[in-house]
Ligand code: AMP
């Protein structure tokens, strides 16, 4: 099963991808994670992407699509989740071409629905382990020891683009560019919407039910 997972920033795409890759043995392709790794390693891609991530804006399509082409080309028959790509209709169209070219198929696109008024609090309180990427929240899911990852002991920090000023731009970018993808995938199906409110286990349960229905 190959999957596109999309939704507003803070909807829980990263958390749900983490659960899906562990339990359904899928490979996660997160363009956001790939950009952050490139920035950390100061590669040419990282240098190009940094300003966009810092500002909460989309990295240009040509760069992002080139990156996804490279990663999809390296898959050796593994199931994959596209997490955070596509993020606008031009990327969705390019992905369609890319899949044809590589003889791959996406089984469904899944929209994780969380109302906008809940996203700001989720993003502002979100903390991430710098080492292993585990996701925490200051109120809903704090690490046992403040600032220290339960899983690997790494430092738990706020992502620079989770600061309130940048979050506002990211939400605007979402409204203008990514939200129209709902209509695109409704028209180009298969497409499913899942309520992203509740605990990560509750949401995961809904996702696996929705995927089972799609798989049969
Ligand atoms: P995320 O981790 O998915 O929230 O992505 C963090 C940031 O990476 C976004 O705010 C963008 O700057 C950049 N980014 C991630 N995915 C894409 C994409 N598909 N197209 C353009 N920029 C992206």
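Only helical runs count toward this figure. For the chain, summing -39,500 (n - 2.57) over DSSP H runs of n ≥ 4 and dividing by all residues gives -15000 deg cm²/dmol at 222 nm.
Modelled spin-label separation between residue 168 and residue 120, with each label point placed 7 Å from Cα along the Cα-to-Cβ direction: 0.9 nm. Using a Förster distance of 25 angstrom, determine the FRET efficiency expected from the C-beta separation of residue 76 and residue 43, and round it to 0.05. For R0 = 25 Å, the calculated efficiency reads 0.60.
Any read-out appearing in this document is the output of simple, stated calculations on the displayed coordinates, not a laboratory observation. Bear in mind that the values here come from a model prediction, so they are computed numbers and not experimental data. As a convention, Cβ positions derive from the backbone with ideal geometry for all residues, glycine included, and neighbour counts pool all protein chains shown.
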